[in-house]
Amino acid sequence: MSYQLTIEPLGATIEVEEGQTLLDAALRQGIYIPHACGHGLCGTCKVQVEAGEVEHGHANPFALMDFERDAGKTLACCATLQGDATIEADIDEDPDAQVIPVRDFLTTVSRIETLTPTIKAIFLKLDQPIHFQAGQYVQVVIPGVEGSRAFSIANSPAQVQASGEIELNVRIVAGGAGTTWLHQQLAVGDRLQISGPYGRFFVRKSANVPMIFMAGGSGLSSPRAMIHDLLEENSQLPITLLYGQRVREELYYDDEFRALAATHPNFTYVPSLSSEAEGSDWPGARGFVHEVAKAHFGGTFAGHQACLCGPPVMIEACISTLMQGRLYERDIYTEKFLSAADTSQQRSPLFKRV
């Protein structure tokens, strides 16, 4: 059984299968509804039900409060239809966004590499080509684990086209069933199902301004793909990557970025360590990413576009620093994957993009 869903202000009508979420149905038709966690935790995908009935699903009561439910609000990531319906979503036009419907893909694990004590690179050979924009992510179905897990594609579209592989950088999370399985049980030759691409974290190339990338932890994946994409297109705009880890052994792809900086005059690489032992032979910057960025740019960021990817606390600190340095919402783009623990952390009320 299926139902008809009309999405305003687009006026588009799509078919939604029984039990399918509104968000999944829209994305599979190439219609982007703003979203973040995908699990009913953050409230980013909140929409207004103008007509018809929906089942709210497992929406977190803090992300969708009782009075909002009474007013006809729902979360597209977990709401399902009870019949034909009309919703109104906060959909912005973006000239740089490509219309790419979400699809399902079967993959084979072709290799697994250890990048740091907590991060592995997992390479998935695709049964069929995937079209995506550098910076987007996929959802991975993990055997025996409820739901799916989101991971950014760490290589560029050109690299994926040439190799037929996508690379995912997976950090093991203490107590996390999905990342634990991927680290401890996944083996070369295993088959995995993924879906994608998802997200609107990509370079707004039409802006034609210098780029700042700020990344922490395994948040390097998206910026890595975006930087390779820009350099492969022979972009001459200044590109700066500020990448932070706690200690030197956690700093991965360091040699790669140093080599890129040596061969591309317009690319600057600034690695930093926040907890490196005093007296070590680390010659680079020390401190958190936002502190190092402020020092590197002299506290002024006007005239740039910034892409931030990493833990929510890091992103909030970077947003504050950038805005103090005269860079504003229209020029700052963020990517962060929210867990239940993250919902208790402060989140900037100014930013809808995730």
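Of the residues Leu192, Leu124, Leu106, Leu168, the single one that is among the aliphatic types (A, V, I, L, M), open to solvent by 40 Å² or more (accessible area, probe 1.4 Å) and part of a strand (DSSP E or B) is Leu106. Residues that are open to solvent by 20 Å² or more (accessible area, probe 1.4 Å) and among the polar types (S, T, N, Q) number at least 2 in the following strands (runs of 3 or more DSSP E) confined to region 1-91: 2-8. I'm trying to understand the selection: among the residues of region 171-189, which are closer than 17 Å to Ile112 by Cβ, open to solvent by 50 Å² or more (accessible area, probe 1.4 Å) and not β-branched (Val, Ile, Thr)? Listed by number, the residues that qualify are Arg171, Gln184, Gln185. Here Ala150 passes the criteria (1) under 26 Å from Cys78 (Cβ atoms); (2) in contact with a helix residue (DSSP H, G or I) (Cβ under 8 Å, 6 or more places away or on another chain) except the one numbered (2). Quick one: would you say Glu278 is under 15 Å from Ile212 (Cβ atoms), open to solvent by 50 Å² or more (accessible area, probe 1.4 Å) and not hydrophobic (A, V, I, L, M, F, W, C)? No: the conditions fail for Glu278. For Phe288, state whether it is buried (at least 16 other Cβ atoms within 10 Å of the Cβ) and over 17 Å from Arg224 (Cβ atoms). In short, yes.
Yes/no matrix, rows are residues, columns are (1) touching a residue at least 24 places away in the same chain (Cβ under 8 Å); (2) hydrophobic (A, V, I, L, M, F, W, C); (3) out of contact with any Asp or Glu (no Cβ under 8 Å at 6 or more places or on another chain):
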site: Glu15; (1), (2), (3): no, no, yes
site: Gln29; (1), (2), (3): yes, no, yes
site: Gly43; (1), (2), (3): yes, no, yes
site: Val47; (1), (2), (3): yes, yes, no
site: Glu53; (1), (2), (3): yes, no, yes
site: Asp66; (1), (2), (3): no, no, yes
site: Lys73; (1), (2), (3): yes, no, yes
site: Cys78; (1), (2), (3): yes, yes, yes
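Gly175 - would you say it is at pLDDT below 95 and within 17 Å of Leu220 (Cα to Cα)?
When the stated conditions are applied, Gly175 does not pass them.
Here Gln245 fulfils each of the conditions (1) under 30 Å from Glu93 (Cα atoms); (2) within 19 Å of the chain's Cα centre (by Cα) apart from (1). Among the residues of region 109-121, which ones are surrounded by 14 or more Cβ atoms within 10 Å (Cβ to Cβ) and basic (Lys, Arg)? Answer for region 109-121, where residues must be surrounded by 14 or more Cβ atoms within 10 Å (Cβ to Cβ) and basic (Lys, Arg): just Lys120. I'd like to check something: does region 230-252 contain any residue that is farther than 19 Å from Gly284 by Cβ and crowded, with 19+ Cβ neighbours inside 10 Å? There is at least one residue in region 230-252 that is farther than 19 Å from Gly284 by Cβ and crowded, with 19+ Cβ neighbours inside 10 Å. The number of residues in region 139-165 being open to solvent by 60 Å² or more (accessible area, probe 1.4 Å) and in a helix (DSSP H, G or I) comes to 2. Evaluation of Gly287 against the conditions (1) on the phi < 0 side of the Ramachandran plot; (2) in contact with a Ser or Thr (Cβ under 9 Å, 6 or more places away or on another chain) shows that the sole unmet condition is (1).
The values are calculated or read from the model by the stated rules, or taken from the named source; none is laboratory data. Everything quoted here is computed from the prediction, not taken from an experiment. In this analysis, Cβ positions are derived from the backbone assuming ideal geometry, glycine residues included, and neighbour counts consider all displayed protein chains. In case anyone asks, the SASA skips ligands and DNA or RNA and just uses the protein heavy atoms, side chains included. Shrake-Rupley method; radii C 1.70, N 1.55, O 1.52, S 1.80 Å.
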